[in-house]
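The values are calculated or read from the model by the stated rules, or taken from the named source; none is laboratory data. Nothing here was measured: the structure is a model prediction, and the numbers come from that model. Methodologically, a virtual Cβ is constructed for each residue, glycine included, from the backbone with ideal geometry; neighbour enumeration extends over all protein chains shown.
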Amino acid sequence: MKGRDVARYYYFCASLPLLQFEGEPPFSETQFLVLAAQHLTPEDRAVLLAALDEREETDHPLVLRIREWMKGVHNNLALLRGQRLGVNGLSWTRGMVDGYYAERVKSVFQHESPTGKQDAYDRMVWEFLEECGTGHAFDLESLIVYALKLRLLAARAERTEERGSDIFDRVFQHLRTQDIVEKLPFGERQ
């Protein structure tokens, strides 16, 4: 069966544009899923969708591995954020905290700026996905990795200075309408 899967997805996988960490997503996640639906079996489509939505049940080994890794990373991030705030971060964790991820997550926090932290986090996730894709070229697992990398690139593309400024302006405007800005020690001066 495995050999048939490789043959089944060879042309689809080979037709997909290469994804690069510093690059732009070549198409949206929705467009990718529409393309994938034309080539994948119903069972494999369900696994691919489960990889993109942790609320979906699956027993696929790669999806479970990715979920476990992400949970470990997020738990360690919660602990570090708690330490920085002077509170116990355990209340924000899900399940056990595994020290296996601690050093890698600490390296993310060593960056001064929020942008640097986010970029380091994204790179850490990208490298993990690359590792997950090792040994998989034209199979369902390679498509799972592709979909998750595509999602990461889309999120990175959304984080532009212009978009950040727009969000800041909307939040600031909302705070002004609530008279919150004027109450702050550094609020607007007339």
- Which of the residues that make up the range 117-150 are within 23 Å of THR30 (Cβ to Cβ) and small (Gly, Ala, Ser)? GLY133, SER142, ALA147
- Total residues in the range 42-56, condition of a type outside the set (Gly, Ala, Ser) and in contact (Cβ under 8 Å) with a residue 12 or more places away in the chain: 6
- Verdict on ARG94 being modelled with pLDDT of 85 or more and assigned by TED's automatic domain parsing to the domain that holds ARG8: no
- Can you give me the ranges of the helices (runs of 4 or more DSSP H) entirely in the range 66-169 with at least 3 residues that are under 19 Å from the mean Cα position of the chain (by Cα) and more than 29 Å from LEU35 (Cα to Cα)? 102-109, 114-133
- Inspect the range 120-128 for any residue being assigned by TED's automatic domain parsing to the domain that holds ASP44, over 30 Å from LEU40 (Cα atoms) and not acidic (Asp, Glu) and give the result as yes or no. yes
- Query: With respect to GLU103, is the statement that it is without any contact (Cβ under 8 Å) to a residue 60 or more places away in the chain, more than 26 Å from GLU141 (Cα to Cα) and not β-branched (Val, Ile, Thr) true?
  - Reply: yes
- Message: Checking the conditions here, which among ALA120, ALA154 is among the small types (Gly, Ala, Ser), surrounded by fewer than 19 Cβ atoms within 10 Å (Cβ to Cβ) and in contact with a Phe, Trp or Tyr (Cβ under 9 Å, 6 or more places away or on another chain)?
- Response: ALA120
- Task: Mind listing just one residue for me: the one in the range 3-44 that is more than 27 Å from ARG156 (Cβ to Cβ) and small (Gly, Ala, Ser) and, of those, modelled with the lowest pLDDT?
- Result: GLY3
- Number of positions in the range 115-154 that are without any contact (Cβ under 8 Å) to a residue 12 or more places away in the chain and hydrophobic (A, V, I, L, M, F, W, C): 0
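So how many residues does the range 57-69 have that are within 21 Å of TYR101 (Cα to Cα) and without any contact (Cβ under 8 Å) to a residue 40 or more places away in the chain?
4
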